[in-house]
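Engineer: Structure in structure tokens, see below.
The values are calculated or read from the model by the stated rules, or taken from the named source; none is laboratory data. Source: prediction; values computed, not measured. As a convention, Cβ positions derive from the backbone with ideal geometry for all residues, glycine included, and neighbour counts pool all protein chains shown. All accessible areas refer to the heavy atoms of the entire protein, side chains included, with ligands and DNA or RNA removed. Shrake-Rupley method; radii C 1.70, N 1.55, O 1.52, S 1.80 Å.
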Amino acid sequence: MKVCMLADLELPDHVSFVRATAGFTADTVPVGLLKAHRVAAGNWGLLRVIAGTVTFVLEETGESRELHPGDAQVIEPDTAHHVEPDADAVFVVEFHR
């Protein structure tokens, strides 16, 4: 059984909040987030689920984590990933540098 390490990731102490996206739903999520993409080098992401369920998937390993309202997922710089929102999902992505 593979242990999920995604839940253990934390933002480094030295990064600061830069901006956040508007809330995305299954209907408004940009197509680019549904396929492999990366946060730019030197930047960190933080996916926050407001409603529904969003699955976060690492491309390299296939490791995934199902996120529910109140959950957050740290996204490391330059790491390929994608999201899979359910029909009721609402989520935002924060960027930190």
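Engineer: Do you know which residues across region 22-66 are assigned to a helix (DSSP H, G or I) and either modelled with pLDDT under 95 or within 11 Å of ALA80 (Cα to Cα) (or both)?
Structural biologist: LEU33
Engineer: Please find, among ALA72, ALA89, the residue that is within 18 Å of THR21 (Cα to Cα), open to solvent by less than 40 Å² (accessible area, probe 1.4 Å) and touching a residue at least 40 places away in the same chain (Cβ under 8 Å).
Structural biologist: On the way: ALA72 fails: touching a residue at least 40 places away in the same chain (Cβ under 8 Å).
Of the residues listed, the single one that is within 18 Å of THR21 (Cα to Cα), open to solvent by less than 40 Å² (accessible area, probe 1.4 Å) and touching a residue at least 40 places away in the same chain (Cβ under 8 Å) is ALA89.
Engineer: Same structure, new question: Please state which of the following conditions VAL39 fails to meet, knowing it meets all the rest: (1) open to solvent by less than 40 Å² (accessible area, probe 1.4 Å); (2) over 23 Å from ASP13 (Cβ atoms).
Structural biologist: (2)
Engineer: While we're looking at this one, here's another question. May I ask you to say which residue of LEU34, LEU67, LEU47, LEU58 is open to solvent by 70 Å² or more (accessible area, probe 1.4 Å) and under 13 Å from the mean Cα position of the chain (by Cα)?
Structural biologist: After applying the criteria, what remains is LEU34.
Engineer: Another question, if that's okay. Does region 67-93 hold any residues that are of a type in the set (A, V, I, L, M) and outside any loop (DSSP other than H, G, I, E, B), and which are they?
Structural biologist: LEU67, ALA72, VAL74, ILE75, VAL83, VAL90, VAL92, VAL93
Engineer: Just one of (1) farther than 16 Å from ALA7 by Cα; (2) buried (at least 16 other Cβ atoms within 10 Å of the Cβ); (3) among the acidic types (Asp, Glu) trips up ASP78, so point out which.
Structural biologist: In the conditions (1) farther than 16 Å from ALA7 by Cα; (2) buried (at least 16 other Cβ atoms within 10 Å of the Cβ); (3) among the acidic types (Asp, Glu), ASP78 misses (2) alone.
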